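The values are calculated or read from the model by the stated rules, or taken from the named source; none is laboratory data. Note that the coordinates shown come from a computational prediction; the quantities given were computed from them, not determined experimentally. We place every Cβ from the backbone using ideal geometry, glycine too, and count neighbours over all the protein chains shown.
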Amino acid sequence: MYKYDEYDQQMVDARVDEFRDQVERRLAGKLTEDQFKPLRLMNGLYLQLHAYMLRVAIPYGTLSGAQMHILADIADKYDRGYGHFTTRQNIQYNWIKLEEAPDLMADLAKVEMHAIQTSGNCIRNISSDHFAGAAADELVDPRPYAELLRQWSSFHPEFMYLPRKFKIAVIASDTDRAAMRLHDIGIQIVEQNGELGAAFYVGGGMGRTPMIAPCIRDFVPLDQLVTYSEACLRVYNRHGRRDNKYKARIKILVHEMGAEEYTRQVEEEFAHLLDQGVEPPLAELERIRTFFEDPAFEDGPKTVDKSDPDFALWVERNTVRHKHDSYVSAVISLKPVGGIPGDATSAQMHLMADLATRFSFDECRVMHTQNIVLPHVKIVDLHALWTALNEAGLGEPNLDQVGDIIACPGLDYCSLANARSIPISQQISERFAANGKGDTLGELKLKISGCINACGHHHAGHIGILGVDKKGVENYQLLLGGSEAEDTSLAKITGPGFDEAGIVDAVETTADVYLREREDGERFLDTYRRIGMAPFKEALYG
Amino acid sequence: MVDPQTSSLGTSPDDVQFRFRDDEPVDHAQVTVDAFLEQSNSSAVRIEPGDDAQALIPHLDRIALVEVNFPVYGDGRGYSAARTLREAGYTGELRAVGDVLVDQLSNMRRCGFDSFAPDTPLDEADAKAAFERWPQHYQAGADTVRTIAQLRHE
């Protein structure tokens, strides 16, 4: 894992001092709320329906045991004993007091953490593949490149007041586990003629106008990565729309200007910037890489006794092949039946921290699907791990199953939402657990957003649900056929929306069509792509 | 709001609250970018958020003051305008004017602004603290500061 040196620590400490000063000036009336708002947002502090919400950055989703323990302590000390892991690999707390926020930031800084740029119209926390460094199919670990960009994007003097927020994801395998092409910039580390470089995809996103990012350059040499990123951002800062916040994301600029013209301007700016010395020395990337070298993997048993069927099911569903054949990556589901997706209590966080230390080289990861991964677990340790998880209510065997729902906080917390997401998610997971169909469906990614901003990634769900307001009543649209993986596609609306009870029935009806129509080995998405929307519409509305 | 059609466009030296230069300030009014490109014998230009700073690049040798207006602090185009001019070799005064607030000063300074004429004068102590806030910098700026990455590998 990356470790701060004195410089990184100085920067985070200076930020804590600055934020403390800003809060004091706000409370003293020297800053209006309007002036204070972007400053607090750049420190992750939102004003929500009931209280301040604080979003803590977890760069590329990677946490040490000590860091996870602090996240648990913060839940107890400043919140109500729980936290919510998000689709951008961060954690949110929902009940924060403004005057306590500077102390909270200081607590985070003690374990090399912060809330810098987790909101606001700036470059947000960089996300990555949650199996980075463990995946059998990756070219290299993508996180050193994400860390390089983290440093470049932190407190960038030119890009703090962009037209709109800006999200970057970095991956390094052909299997996309980070929804890379649905980001403002998606970067894939690739190899050409024996050299590593970066393919840049620019202008993807979800929200009210979902778009899949086009590739604007298939190879940027590693010693020009920051310079190329800077060029992409400068063209956006110069020309991105500022007249309408709903048209201000870079996807709209790339769409309206055309990918070709955007690329031409980026290339022109890039050629100029190459002479300006904005690139860190390549030695810096090499320094960062040393923090991400493999831990000391040991050969051991490659199989485990699976005579206990519950354990066998969890192993089958929640563990993923590792590049070392004596290890797996183990997913801890934060999606118990009827639970709130992504929520964890402080006790659960402490336990996950201890298990990371005991079984996974002191490391865990937050997934964009709102679960936690222990990336490097010895196969021989799996039963002990599962037993400990099960006792804490963390042993749900549902990775990528219908119960593994992504849901935004929705109208229960969020001031932007039109409808509740959490209760819909709870009812669907309860329905499919009670009728037993959940276990027969295989991979089925269900994603729920409580408004058009799409924080719950409904466009990318095999089944997506979008909550809308229909004359003061919550109404839910059903979408089918999305994917955030390497076969990225955007889901399509089935037809008229449903009320709260109706949407749960509609999801079950949709699942029934799949069960009836599927051919050997087909996932829900495969069947949908083969048979199209018509049979589903017929069953839903016919 | 200043009417861009009037001859008294822009700020005067008296409006400048912070200045990091020793030369005499330009004492005549600024003209718009369009006006400058069409006529002009003026040596002072005012850039509005939608203006193209790159259009000034062929004429930098006869400009002594560029004033960049921030009508609202949240419109960040002026930061890129400043970088663009400094990277093109502009060494004259670069003045941030308009909705310039304490918490934007240090970034503006790093983008190459060397004078500041806020609409509302800033608390001197708060501004001093803001200019001195950051011990180091991750990014290269319009100054000669060694970046953190450079310091790490000296």
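Below are the figures for this structure:
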| item | result |
| --- | --- |
| Residues located in the stretch A:156-176, provided they are within 14 Å of another protein chain (Cβ to nearest Cβ), under 20 Å from A:GLN89 (Cα atoms) and either out of contact with any Gly (no Cβ under 9 Å at 6 or more places or on another chain) or of a type in the set (Phe, Trp, Tyr) (or both) | A:PHE166 |
| Subset of the stretch A:430-441 [buried (at least 24 other Cβ atoms within 10 Å of the Cβ) and in a loop (DSSP other than H, G, I, E, B)] | none |
| Matching residues in the stretch A:22-39 - criterion: being more than 10 Å from chain B (Cβ to nearest Cβ), surrounded by 13 or more Cβ atoms within 10 Å (Cβ to Cβ) and aliphatic (A, V, I, L, M) | A:VAL23 |
| Yes/no for B:ALA81 being closer than 14 Å to A:TYR161 by Cα, within 9 Å of chain A (Cβ to nearest Cβ) and modelled with pLDDT of 95 or more | yes |
| Failed criterion for A:MET180 (all others in (1) out of contact with any Cys (no Cβ under 9 Å at 6 or more places or on another chain); (2) within 14 Å of chain B (Cβ to nearest Cβ) hold) | (2) |
| Check on A:ARG208, part of a loop (DSSP other than H, G, I, E, B) and either under 30 Å from A:LEU416 (Cα atoms) or touching a helix residue (DSSP H, G or I) at 6+ places or on another chain (Cβ under 8 Å) (or both) | yes |
| Any hit, the stretch A:442-458, residues being within 18 Å of A:ASN398 (Cβ to Cβ), at pLDDT 95 or above, surrounded by 15 or more Cβ atoms within 10 Å (Cβ to Cβ) and among the polar types (S, T, N, Q) | no |
| Pairs, first closer than 17 Å to A:GLY120 by Cβ and in the same structural domain as A:PRO102 (by TED's automatic domain parsing) in the stretch A:23-36, second surrounded by 10 or more Cβ atoms within 10 Å (Cβ to Cβ) and charged (D, E, K, R), C-beta under 6 Å, six or more apart | A:LEU31/A:ARG25; A:PHE36/A:ARG26 |
| The stretch B:130-149 - residue that is outside any loop (DSSP other than H, G, I, E, B) and at the interface with chain A (Cβ under 7 Å from one of its Cβ atoms) and, of those, nearest to the chain's Cα centre (by Cα) | B:ILE148 |
| Unique match (being in a strand (DSSP E or B) and surrounded by fewer than 16 Cβ atoms within 10 Å (Cβ to Cβ)) among A:ASP469, A:ASP487, A:ASP505 | A:ASP469 |
| Residues of the stretch B:86-106 satisfying the condition of being among the hydrophobic types (A, V, I, L, M, F, W, C), more than 13 Å from chain A (Cβ to nearest Cβ) and either in a helix (DSSP H, G or I) or more than 28 Å from A:LEU274 (Cβ to Cβ) (or both) | B:VAL97 |
| Those residues of the stretch A:46-63 which are part of a strand (DSSP E or B) and within 18 Å of the chain's Cα centre (by Cα), in sequence order | A:MET53, A:LEU54, A:ARG55, A:VAL56, A:ALA57, A:THR62, A:LEU63 |
| First in the stretch B:111-135 and on the phi > 0 side of the Ramachandran plot, second anywhere and part of a loop (DSSP other than H, G, I, E, B) and of a type in the set (Lys, Arg), Cβ under 6 Å, 6 or more apart | none |
| One residue from B:ARG83, B:ARG46, B:ARG109 being outside any helix (DSSP H, G or I) and of a type in the set (Lys, Arg) | B:ARG46 |
| Strands (runs of 3 or more DSSP E) contained entirely in the stretch A:257-368, each with at least 3 residues that are of a type outside the set (Lys, Arg) and buried (at least 20 other Cβ atoms within 10 Å of the Cβ) | A:327-332, A:363-366 |
| Number of the condition not met by A:PHE200 [criteria: (1) assigned to a strand (DSSP E or B); (2) at pLDDT below 95] | (2) |
| Matching residues in the stretch B:108-129 - criterion: being buried (at least 21 other Cβ atoms within 10 Å of the Cβ), farther than 16 Å from A:GLU230 by Cα and within 9 Å of chain A (Cβ to nearest Cβ) | B:MET108, B:ARG109 |
| Of the criteria (1) closer than 29 Å to A:ASP505 by Cβ; (2) surrounded by fewer than 23 Cβ atoms within 10 Å (Cβ to Cβ); (3) in contact (Cβ under 8 Å) with a residue 40 or more places away in the chain, which one A:ASP404 fails | (2) |
| Matching entry among A:ASP310, A:ASP343 (being within 23 Å of A:GLY438 (Cβ to Cβ), touching a residue at least 12 places away in the same chain (Cβ under 8 Å), touching a His at 6+ places or on another chain (Cβ under 6 Å) and among the acidic types (Asp, Glu)) | A:ASP343 |
| Hey, A:ALA101 aliphatic (A, V, I, L, M), outside the structural domain of A:ASP184 (by TED's automatic domain parsing) and in a helix (DSSP H, G or I) or not | yes |
| Condition check for A:GLY194: farther than 25 Å from A:TYR93 by Cα, touching a strand residue (DSSP E or B) at 6+ places or on another chain (Cβ under 6 Å) and not hydrophobic (A, V, I, L, M, F, W, C) | no |
| Among residues of the stretch A:125-141, those that are touching a helix residue (DSSP H, G or I) at 6+ places or on another chain (Cβ under 9 Å) and of a type outside the set (Val, Ile, Thr), counted | 8 |
| Complete set of residues in the stretch A:387-400 that are surrounded by fewer than 24 Cβ atoms within 10 Å (Cβ to Cβ) and more than 17 Å from A:GLY83 (Cα to Cα) | A:THR387, A:ALA388, A:LEU389, A:ASN390, A:GLU391, A:GLY395, A:PRO397, A:LEU399, A:ASP400 |
| Condition met for B:VAL66 (in a strand (DSSP E or B) and touching a residue at least 60 places away in the same chain (Cβ under 8 Å)) | no |
